[in-house]
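Novice: I have a structure here, written as structure tokens, and I will follow up with some questions on it.
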Amino acid sequence: MAASSNMLVVSGAVLAILPSVMAHGHHSHGPADNSVPIDSILWIHIGIQTFAWFLLFPLAMVLGMVRHRLHVPVATTSLALTVGGYFLGHGHGGRSFPHTAHGTMASLLVFYLAAQTFLGVYLKLHLQWRPEKWIRPTLVTIHGVLGKSFPIVGWVQMVFGVSTLQSWCFGGHLGQCLAHYIMGSAFQAYAAILVIMMKAGGDWLQRRGQSQEWFDSWVIMLWGIVNTFTEHHGGPWTHKDLQHTLMGVLWWAGGAVGIWLSRGGRRNVFPSIIIILTGWAMSAHSQELMISTMVHLLFGYALMGAGIARMIEVCFVMQDRPTGTTPESPNVPVASTEAVNGSWYPIRAFQYLPPYLLVASGVLFMSATDEELRWADSQGVDHATWGLIDFSASMLMFLWINVLIDLYVGYGGRYGAARENAAQARGTDREAQASRSLYSRLSMGNGAAAVDAPTRTVEVEHHELNGLNGKRMLHSDDETEPNHVLFDEEDEDPFEEKERDDYESSGSGSGSGDAARSRIHL
């Protein structure tokens, strides 16, 4: 652990000198000359930064959330690669670029990474001084918020990098780039949220007494309000302005319907209907180039497919039941002490289809700007080839989303099975004794409670949700294996303990809590 802290200190010192790096000769004052080739140093910069921000930083985020002992080494490696890639980006030859949002954000990321590094080093030092009990919980919270924002920040910077590399989104093309990149990224984020809820969010939704469609409808309505008043920029109205504005009206009107029908945790299909109508409108969106028309058509079909699949899932696969339930357990999300195939709840194979089609829709829409498709057309690429590239990229994106979520679920998450068995794991590992200091080691079990008797009974009580009421008893005659310590987890700060106490009092305590209550009798 000391070695990891030393590495973080060294990385922090390197980050401290980065602001002194000024603009180099590869910066130009005009548009980039695309006839000048890109040299190998810049390609190495692109490869390193993509590897660090797309793979390592999100992995470090998940390892930090589950308090895995590899969190610090992975985060330190990510930081070191980013620092090296930063200098390579200022030391390449070949094509020169104007100063863009990519360069501006790179400079801001210096302070972002420096702050996160400082917080990580401070929390690992375990300083003993009087203000510590007030300062430490705040710093733990800030460190967690910054860490969870890494995938978003990295994604935005990578998008900026692509547009800079190809000299896209300059001048009058900026508005279209923003529309495509923001909306396409939103579809992919929505897909990630659906997968999270499908695998780990059933209890979270139940504690709040709301269905997924309630949150979806609020986002749709607010987004529609913004679109209604931002799609026309003065001058005569064009058919595109009118279509985009009316699409905003459709979104806020349909979102309002969805919010009203989602009251009391009820499921509804209006978010799916909005997605279907949006896909239909985009599939009929006329474009100047044939390849652009066909790619928009493909995007519209994928989006309509996502909406139809989501409607089928809610109505026929889940049968209007809350997220995390099955026809065999119709009342509340199944309380489980272990993850099965990356999920705390039973999953039907069909449930993977809506989020994947949303990812594919997002990738297709992000690749459908006029500049991108004019470039593809100039390279002799047709819409089928372009679509295959997009679908391949969406497969990789969907794979990585599932890998990260499965890691979170498999290691117990924040309120998962591993945390429930932490006390038992401590009893079998002398090195994993509880620590008084925040952000220190805590070993976890294997996700299955150790039992002395061959029979385990899990009783799940719940309140009325979506008009369903009852009690379920689960029996297992299979003896479970003893706990094994799989990883070290950081000790909880007072804020986390308070959250856990609130969770247990609302979800496992007595009284009028709004969540399901689970008690494991061994």
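Novice: Can you find, within the range 412-439, the residue that is surrounded by the fewest Cβ atoms within 10 Å (Cβ to Cβ) among those that are closer than 23 Å to A189 by Cβ and at pLDDT 50 or above?
Specialist: Filtering the range 412-439 for residues that are closer than 23 Å to A189 by Cβ and at pLDDT 50 or above, the one surrounded by the fewest Cβ atoms within 10 Å (Cβ to Cβ) comes out as R414.
Novice: Still on this model: If you go through the range 166-175 one residue at a time, how many are surrounded by fewer than 17 Cβ atoms within 10 Å (Cβ to Cβ) and either of a type outside the set (A, V, I, L, M) or in contact (Cβ under 8 Å) with a residue 40 or more places away in the chain (or both)?
Specialist: Keep residues of the range 166-175 that are surrounded by fewer than 17 Cβ atoms within 10 Å (Cβ to Cβ), which gives 166, 170-175.
Of the ones still in play, those that are also either of a type outside the set (A, V, I, L, M) or in contact (Cβ under 8 Å) with a residue 40 or more places away in the chain (or both) are 166, 170-173, 175.
Residues flagged as surrounded by fewer than 17 Cβ atoms within 10 Å (Cβ to Cβ) and either of a type outside the set (A, V, I, L, M) or in contact (Cβ under 8 Å) with a residue 40 or more places away in the chain (or both) within the range 166-175 amount to 6.
Novice: Among the helices (runs of 4 or more DSSP H) contained in the range 192-294, which hold 3 or more residues that are among the aromatic types (F, W, Y)? Walk me through how you get there before you give the answer.
Specialist: Working: elements: 202-208, 212-228, 239-261, 270-283.
Once the helices (runs of 4 or more DSSP H) in the range 192-294 are filtered for at least 3 residues that are among the aromatic types (F, W, Y), what remains is 212-228, 239-261.
Novice: Residues to consider are W218, W237; find the one that is at negative phi, modelled with pLDDT under 90 and either surrounded by fewer than 19 Cβ atoms within 10 Å (Cβ to Cβ) or hydrophobic (A, V, I, L, M, F, W, C) (or both).
Specialist: W237
Novice: Return the pair list, or none, for Cβ contacts closer than 6 Å from residues in the range 42-67 that are assigned by TED's automatic domain parsing to the domain that holds Q157 and on the phi > 0 side of the Ramachandran plot to residues that are outside any helix (DSSP H, G or I) and of a type in the set (S, T, Y), at least 6 apart or on different chains.
Specialist: No pair meets every condition.
Novice: Whether any residue in the range 131-154 is within 25 Å of S361 (Cβ to Cβ), surrounded by fewer than 17 Cβ atoms within 10 Å (Cβ to Cβ), out of contact with any His (no Cβ under 7 Å at 6 or more places or on another chain) and of a type in the set (V, I, T) is what I want to check.
Specialist: Scanning the range 131-154 turns up at least one residue that is within 25 Å of S361 (Cβ to Cβ), surrounded by fewer than 17 Cβ atoms within 10 Å (Cβ to Cβ), out of contact with any His (no Cβ under 7 Å at 6 or more places or on another chain) and of a type in the set (V, I, T).
Novice: Follow-up question, since we're still on this one. Taking F150 and the conditions (1) more than 30 Å from L174 (Cα to Cα); (2) in contact (Cβ under 8 Å) with a residue 40 or more places away in the chain; (3) not basic (K, R), which numbered condition does it fall short on, given that it satisfies the others?
Specialist: Every listed condition holds for F150 apart from (1).
Novice: Still on this model: So V226 ticks every box in (1) buried (at least 18 other Cβ atoms within 10 Å of the Cβ); (2) under 29 Å from F54 (Cβ atoms); (3) not hydroxyl-bearing (S, T, Y) but one. Which box is left unticked?
Specialist: The one condition V226 does not meet is (1).
Novice: Right, here's the next one. If you go through the range 358-410, how many residues are touching a strand residue (DSSP E or B) at 6+ places or on another chain (Cβ under 9 Å) and within 21 Å of I291 (Cα to Cα)?
Specialist: Of all residues in the range 358-410, those touching a strand residue (DSSP E or B) at 6+ places or on another chain (Cβ under 9 Å) come to 405-406, 409.
Narrowing further to those that are within 21 Å of I291 (Cα to Cα): none.
Of the residues in that region, 0 qualify.
Novice: Could you tell me which of the residues C177, C169 is of a type outside the set (V, I, T), over 17 Å from the mean Cα position of the chain (by Cα) and part of a loop (DSSP other than H, G, I, E, B)? So that I can check it myself, show each step before the final result.
Specialist: Working: C177 fails: part of a loop (DSSP other than H, G, I, E, B).
C169 is the lone residue from the list that is of a type outside the set (V, I, T), over 17 Å from the mean Cα position of the chain (by Cα) and part of a loop (DSSP other than H, G, I, E, B).
Novice: Taking the range 363-407 only, how many residues are among the hydrophobic types (A, V, I, L, M, F, W, C) and under 20 Å from K199 (Cα atoms)?
Specialist: Filtering the range 363-407 down to residues among the hydrophobic types (A, V, I, L, M, F, W, C) leaves 363-366, 368, 373, 375-376, 381, 384, 386, 388-389, 391, 393, 395-401, 403-405, 407.
Within this subset, residues satisfying the condition of being under 20 Å from K199 (Cα atoms) are 395-401, 403-405, 407.
Looking only at that region, the number is 11.
Novice: Whether any residue in the range 352-371 is at pLDDT below 95 and not in a loop (DSSP other than H, G, I, E, B) is what I want to check.
Specialist: Taking every residue of the range 352-371 in turn, at least one turns out to be at pLDDT below 95 and not in a loop (DSSP other than H, G, I, E, B).
Novice: One residue is enough: does the range 299-319 have a residue meeting the conditions in the same structural domain as L222 (by TED's automatic domain parsing), closer than 20 Å to R208 by Cβ and modelled with pLDDT under 95?
Specialist: Yes, the range 299-319 contains a residue that is in the same structural domain as L222 (by TED's automatic domain parsing), closer than 20 Å to R208 by Cβ and modelled with pLDDT under 95.
Novice: Moving on. With respect to L289, is the statement that it is in contact with a helix residue (DSSP H, G or I) (Cβ under 7 Å, 6 or more places away or on another chain), touching a residue at least 40 places away in the same chain (Cβ under 8 Å) and either over 23 Å from V219 (Cβ atoms) or not assigned by TED's automatic domain parsing to the domain that holds L194 (or both) true?
Specialist: In short, yes.
The values are calculated or read from the model by the stated rules, or taken from the named source; none is laboratory data. From a predicted model like this one, the values you see are computed outputs, not experimental measurements. Positions of Cβ are backbone-derived with ideal geometry, glycine not excepted, and every protein chain shown enters the neighbour counts.
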